Amino acid sequence: MELVLEIDDADAVTKSALRRIADEGEMPAAERAHAEGAVTEDTAEALAYLVDPFDLVSQVPGVQLQQASWSSERIDYDPDSPEWDLDEDDGDDSDG
């Protein structure tokens, strides 16, 4: 699965992540400070703090999450570019 997201209000994402951190009552102070710093410095970190991959697929019949990881990069997304053909197979195209 690959997702392309456009964040049109990075400040709102960061504030939401900071609220989520504040709501976690049993988080140690050092961990809280680290989490707050990470989500404040990087919108991708804030988004990762808010979105749980398990929650995305937990209600889908026949799907069991085995592993999830995050990576992000800033890109210039052009949906009309042939480079962004989401129907394109990223796998091996060989017939062998």
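Here are some notes:
- Scan of region 19-53 for residues that are surrounded by fewer than 10 Cβ atoms within 10 Å (Cβ to Cβ) and in a helix (DSSP H, G or I), ordered by number: 23, 29, 30
- Test result for residue 96, of a type outside the set (D, E, K, R), modelled with pLDDT of 90 or more and over 16 Å from residue 2 (Cα atoms): no
- Inspection of region 61-70 identifies no residue that is over 11 Å from the mean Cα position of the chain (by Cα), open to solvent by less than 50 Å² (accessible area, probe 1.4 Å) and of a type in the set (Val, Ile, Thr).
- Members of region 9-21 that are among the aliphatic types (A, V, I, L, M) and farther than 14 Å from residue 38 by Cα: 12
- The residue of region 71-86 that is farthest from residue 14 (Cα to Cα), among those that are open to solvent by 80 Å² or more (accessible area, probe 1.4 Å) and in a helix (DSSP H, G or I), is 82.
- Figure legend. Inter-residue proximity from region 55-66: first residues without any contact (Cβ under 8 Å) to a residue 12 or more places away in the chain, second residues assigned to a helix (DSSP H, G or I), beta-carbon distance below 9 Å, spacing 6+ or different chains. Indicated pairs: 63/57; 64/57.
The values are calculated or read from the model by the stated rules, or taken from the named source; none is laboratory data. Everything quoted here is computed from the prediction, not taken from an experiment. Here Cβ is always computed from backbone atoms with ideal geometry, including for glycine, and neighbour counts include all displayed protein chains. For the accessible areas, the whole protein counts, side chains as well, though only heavy atoms, and no ligand, DNA or RNA atoms are used. Shrake-Rupley method; radii C 1.70, N 1.55, O 1.52, S 1.80 Å.
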